[in-house]
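The values are calculated or read from the model by the stated rules, or taken from the named source; none is laboratory data. Being a predicted model, the structure only gives us computed values, none of them experimental. As a convention, Cβ positions derive from the backbone with ideal geometry for all residues, glycine included, and neighbour counts pool all protein chains shown.
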Amino acid sequence: MSVRGVVQPPFLPMSRPEMERLGWRELDVLLVSGDAYVDHPSFAMALLGRYLVSLGYRVGLVCQPRWDTPQDLLAMGRPRLLAGVGAGALDSMLAHYTAFRKKRHDDAYTPGGKAGARPNRAVIVYTNLVRQAFPGLPVVIGGIEASLRRYVHYDFWSDSLRRPLLLDAKAQVLVYGMGERALGELCQLYAKNSNPSVEELSQIPGIAFMASSPQAAALEPAQDLPSWEEIQGAPPLVVQAALQAERHLQNGEAYCRQRVGERVLVVTPPPPTLESAAMDGLYRLPFKRRAHPSYGQPIPALEMIRWSITSHRGCGGGCSFCSLALHQGRPIASRSARSIAAELELIVSDPQFKGSISDVGGPTANMWQAKCSADPQKCKRASCMFPSVCPHFKDAQTEYVKLLDRLSAHPKVKHVRIASGVRFDLALRNLQACQAFVGRYTGGQMKIAPEHSQPGVLRLMRKPSIQLMDRFLGYFYDYSRRVGKEQYVVPYLMSAFPGCTLEDMRSLARWLRQRGWSPQQVQCFIPTPGTVATAMYYAQVDTQGKPLYVARSDRERMEQHYLLFPNPKQKDSRKAKPTSSPSRRKRR
């Protein structure tokens, strides 16, 4: 129970009858999402809603509303404070279209896995619906679609430069990153003042808003990104802007500003990384770990993560194409071992649990409890891992193995797996931990991400050398053989990356053939908004401003992509199936 006496409901309400059963006459906050409602901590609206209820706010959800009428939003009445809007777990355009702009036929976050339950550019559409339903109500946008589109950005699906999303959506505030604290502080602010000033908003970390003039945005310390008009006149400036946005997430204390006409986008400093106690508190909230009972069909995304445990957020990799790291940040926020063990007890108590924990991890599994000892104000690196692992990056892989051992020792657990993937260059720094990953916690296949084989492409990606990958492969297969297990590596590979030529792809194909690998699923590079790689794709220059070859047309992209496939009808995806290990090929 919270200080205001609001009790956590069995499920967050999605209808007026559910509100009435809780004794709620009105909502404080309405959350609108492009995903179906699953009451599980891996789903953003469930986590945000439960967190706000723990602060004493009455929260309701409208999930996947019709977008040609505001009627679905009116079902529970006008909320007292604000509406929060998110597109869902994916950018809505990425959820709808492949790398070749073909319409996807499924949606893992929708009952029955059916496509078409959310609109294109969902944040804009949903915000307009809120404004129609509740004129004058403050709208706060967030989630990965809003987070990655907070600055001027290139949009692959329209092949155009777009303004910051706040302007197109006409929302009051944007929350970027993992926004529980920021949303809680905004609720507190709007409870006092429905029209807060620039000064009041500027005190909340992790948000963005529009100031009416440069004078109104005179906040210090600040760094100014190239303006909308400047980038339109000189496309290479979008790369500079993307690099500055990356540094803003890392360095922590300055404001970012970007001028659009007479108005100025203000992005406040990122919030402090959550300590373990705060992370534990979030995951201790009383999630049902089920889809809302109103759904008649299963939600595929829940089935994928139902028996997994999130151990941490953030990734120190800093890969130039990674939107997840740009959203969650490089610092690692980890749960305690005690909190993870407590979640395991909840999982094993489920009558449907069959004994296998599918994953214990995060963006990169073996970064749990990792810490950086460098001064963030002085750090100039874009990645903790590239060009080599930074000496200030202190991993805790031995402790991670102890955690996995603790979980696997539970009498109701048969298997614990690492499905979220390990960073192989990090694993090679601790061979005892590496032995555990390979020998005990790989269920036949281990996911790793070399992405490519060619040095020039890897440098642009900020990925480790292929020689390091080969060293790991040798260790993986040799140790698997020593413990009597037939196991394979599942490599994530990418085609048509900015700077990747047709000859680079031929070299990658040769590298695969040498290892007996027949890739069945490879990702063609998709320029997701906000990343440095997408900026390079748009501007056709690298981070130093040097001209860069970019496969821009679908013909060029397909030519690169299908070089890796013996059968051109194979589909675009990310999984590769090894036909044999290097050691077995050598014996032949």
**OP:** With respect to S33, determine if the residue is more than 28 Å from S308 (Cβ to Cβ), among the polar types (S, T, N, Q) and modelled with pLDDT of 95 or more.
**Re:** no
Subject >> Single residue of the range 8-33 satisfying the filter (touching a helix residue (DSSP H, G or I) at 6+ places or on another chain (Cβ under 8 Å) and among the aliphatic types (A, V, I, L, M)) that is surrounded by the fewest Cβ atoms within 10 Å (Cβ to Cβ) >> reply: L27
Subject >> Residue that is surrounded by the fewest Cβ atoms within 10 Å (Cβ to Cβ), among those in the range 451-504 that are among the small types (G, A, S) and over 21 Å from Q521 (Cβ atoms) >> reply: G484
Original post:
Does L285 fit the bill of being touching a Leu at 6+ places or on another chain (Cβ under 7 Å), aliphatic (A, V, I, L, M) and either farther than 30 Å from P498 by Cα or in contact (Cβ under 8 Å) with a residue 60 or more places away in the chain (or both)?
Top reply: no
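Which of the residues that make up the range 399-428 are hydroxyl-bearing (S, T, Y) and closer than 16 Å to W368 by Cα?
Y400, S420
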**OP:** Quickly run through the range 166-188 and pick out the residues that are modelled with pLDDT of 95 or more, in contact with a Pro (Cβ under 9 Å, 6 or more places away or on another chain) and within 21 Å of V125 (Cβ to Cβ).
**Re:** A171, Q172, V173, L174, Y176
Original post:
For S507, which of the numbered conditions (1) surrounded by fewer than 24 Cβ atoms within 10 Å (Cβ to Cβ); (2) outside any helix (DSSP H, G or I); (3) in contact (Cβ under 8 Å) with a residue 40 or more places away in the chain fails to hold?
Top reply: (2)
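This table checks each residue for (1) β-branched (V, I, T); (2) under 22 Å from R313 (Cβ atoms); (3) touching a helix residue (DSSP H, G or I) at 6+ places or on another chain (Cβ under 6 Å); (4) buried (at least 23 other Cβ atoms within 10 Å of the Cβ).
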site	(1), (2), (3), (4)
L137	no, no, no, no
L167	no, no, no, no
Y176	no, yes, yes, yes
L186	no, yes, no, yes
P196	no, no, yes, no
Subject >> All helices (runs of 4 or more DSSP H) inside the range 411-463 with 1 or more residues being touching a strand residue (DSSP E or B) at 6+ places or on another chain (Cβ under 9 Å) and of a type outside the set (A, V, I, L, M) >> reply: 424-427, 431-439
**OP:** Given the conditions (1) crowded, with 19+ Cβ neighbours inside 10 Å; (2) without any contact (Cβ under 8 Å) to a residue 40 or more places away in the chain, report the number of the one that P270 does not fulfil.
**Re:** (2)
Subject >> Single residue of the range 81-113 satisfying the filter (of a type in the set (K, R) and free of Cβ contacts under 8 Å to residues at least 24 places away in the same chain) that is surrounded by the fewest Cβ atoms within 10 Å (Cβ to Cβ) >> reply: K103
Subject >> Those helices (runs of 4 or more DSSP H) lying entirely in the range 294-352 with at least 1 residues of a type in the set (K, R) and more than 23 Å from the chain's Cα centre (by Cα) >> reply: 337-348
Original post:
Looking at the range 471-504, which of its residues are in a helix (DSSP H, G or I) and of a type in the set (A, V, I, L, M)?
Top reply: L473, L502
Original post:
Of the residues that make up the range 122-133, is at least one under 19 Å from the mean Cα position of the chain (by Cα), part of a helix (DSSP H, G or I) and surrounded by 24 or more Cβ atoms within 10 Å (Cβ to Cβ)?
Top reply: yes
Original post:
Hey, does the range 39-57 have a residue that's in contact with a strand residue (DSSP E or B) (Cβ under 8 Å, 6 or more places away or on another chain) and hydroxyl-bearing (S, T, Y)?
Top reply: yes
**OP:** Working only within the range 517-548, note down all residues that are farther than 26 Å from Y151 by Cβ and either of a type in the set (A, V, I, L, M, F, W, C) or modelled with pLDDT of 95 or more (or both).
**Re:** W517, V522
**OP:** Report yes if some residue within the range 44-54 is modelled with pLDDT of 95 or more, in a loop (DSSP other than H, G, I, E, B) and of a type in the set (F, W, Y); otherwise report no.
**Re:** no
**OP:** Starting from the range 58-69, take each residue that is under 15 Å from V85 (Cβ atoms) and modelled with pLDDT of 95 or more and list its partners that are of a type in the set (G, A, S) and assigned to a strand (DSSP E or B), counting only C-beta distances under 8 angstrom and pairs at least six apart or across chains.
**Re:** L61/S33; V62/S33; C63/S33; Q64/S33
Original post:
If you scan the range 428-468, which residues turn out to be in contact (Cβ under 8 Å) with a residue 12 or more places away in the chain, among the aliphatic types (A, V, I, L, M) and under 23 Å from S323 (Cβ atoms)?
Top reply: I448, A449, V457, L460, M461
